[in-house]
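Colleague: Sending over a structure as structure tokens; questions will come in a sec.
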Amino acid sequence: MQIKAGYRLGYECSQPTPMLLCLNIHPSRRHDLLTPQTLVYSPAVEAWDYTDGFDNVCTRITAPVGRLTISTEFEIHDSGLRDVVPLDATQHDIRDLPDETLVYLLGSRYCETDKLSQIAWSLFAHTQPGWPRVQAILDYVHNHIRFDYMRADRTRTAFGGYTERVGVCRDYTHLAIAFFRAMNIPARYCTGYLGDIGNVPVPGPMDFSAWAEVYLGGHWYTADARNNVPRIGRILMAIGRDATDVALSTEFGPAVLAEFFVIAEEVAS
């Protein structure tokens, strides 16, 4: 399967504003590219990439005064298969986990395991460890939070999602991750493209998507509480502890997101 994806983002700045961008696809998907994925700036700015501590490719720029447009469009090969559902995947004892997974058991800015640990154990202690426990958490979060794009709040945490019971994909993901970690399952936050391939199209403009990955049986597996069904065509951009680590842009000064367009759709063969 061939997917066309990309975006056009416009920022308005009242003064020169340094920015960190997390807008490239993840290195693990670069071998699937059919055309280059290059960030284009209008007006042109000096930009350079670096690799962060989670192996994401990030970019540093200084946005000029006025409007800066950042865009890309590319085509990428995808298997066309839905997410793997590892029904028999086992949960590791803590002592058997690889060192690099341990950070994904800890609380983080948006995933307050300290506030949610007792709640998690009261809800999920009776479930079978491994994928059955993961699925129980996904089912609970999917049904607990009501999706409402107009109620998006960039400061809402996992505990906020639990108490307010409303939010967008990042809120589903933060709450699920906090529950996974509280139940001793390493979980990391993912952001990327996810169109409606294989599903009934959702009306309205497209956005980037957030989901989790859990570490079971020696592998990372997709765990998507927002959709809670296997999907086709995920294009990973970045991974981290929570949304803080994978923000599309981090501005060190005043900046307003004035234009936002995202696309991810199958290319007809």
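The values are calculated or read from the model by the stated rules, or taken from the named source; none is laboratory data. Small disclaimer: the values here were computed from a predicted structure and weren't measured. Heads up, the Cβs are rebuilt from the backbone with ideal geometry, glycines too, and the neighbour counts pull from every protein chain shown.
Colleague: When the residues of the range 184-209 are filtered to those that are surrounded by 24 or more Cβ atoms within 10 Å (Cβ to Cβ) and of a type in the set (A, V, I, L, M), which remaining residue is farthest from the chain's Cα centre (by Cα)?
Modeller: For the range 184-209, the residue satisfying everything is Ile185.
Colleague: From the list Thr127, Thr113, which residue is outside the structural domain of Pro16 (by TED's automatic domain parsing) and buried (at least 17 other Cβ atoms within 10 Å of the Cβ)?
Modeller: Details: Thr127 fails: buried (at least 17 other Cβ atoms within 10 Å of the Cβ).
Checking each option against the conditions leaves just Thr113.
Colleague: Condition test on Leu123, is it assigned to a helix (DSSP H, G or I), hydrophobic (A, V, I, L, M, F, W, C) and under 23 Å from Val229 (Cα atoms)?
Modeller: Working: assigned to a helix (DSSP H, G or I): yes; hydrophobic (A, V, I, L, M, F, W, C): yes; under 23 Å from Val229 (Cα atoms): yes.
Here the answer is yes, as Leu123 does meet what is asked.
Colleague: List every residue pair whose Cβ atoms lie under 9 Å apart, where the two residues are 6 or more positions apart in sequence or sit on different chains, the first residue falls within the range 78-89 and is on the phi > 0 side of the Ramachandran plot, and the second residue, located anywhere, is in a loop (DSSP other than H, G, I, E, B).
Modeller: Gly80/Met1; Gly80/Ile197; Gly80/Gly198; Gly80/Gly233
Colleague: Looking at the range 139-154 only, could you name the residues that are in a helix (DSSP H, G or I) and either in contact with a Phe, Trp or Tyr (Cβ under 9 Å, 6 or more places away or on another chain) or among the polar types (S, T, N, Q) (or both)? Don't jump to the end; show me each part of the working.
Modeller: Our first condition is that a residue be in a helix (DSSP H, G or I); within the range 139-154, this holds for 139-144, 149-151.
Answer for the range 139-154, where residues must be in a helix (DSSP H, G or I) and either in contact with a Phe, Trp or Tyr (Cβ under 9 Å, 6 or more places away or on another chain) or among the polar types (S, T, N, Q) (or both): Tyr140, Val141, His142, Asn143, His144.
Colleague: Of all the residues that make up the range 155-200, how many are closer than 25 Å to Val103 by Cα, free of Cβ contacts under 8 Å to residues at least 12 places away in the same chain and assigned to a loop (DSSP other than H, G, I, E, B)?
Modeller: 1
Colleague: What are the residues in the range 208-231 that are within 12 Å of Val168 (Cα to Cα) and small (Gly, Ala, Ser), if any?
Modeller: Answer for the range 208-231, where residues must be within 12 Å of Val168 (Cα to Cα) and small (Gly, Ala, Ser): Ser209, Ala210, Ala225.
Colleague: Just to be sure I understand, how many residues within the range 66-109 are touching a strand residue (DSSP E or B) at 6+ places or on another chain (Cβ under 8 Å), part of a strand (DSSP E or B) and over 30 Å from Ser42 (Cβ atoms)?
Modeller: 1
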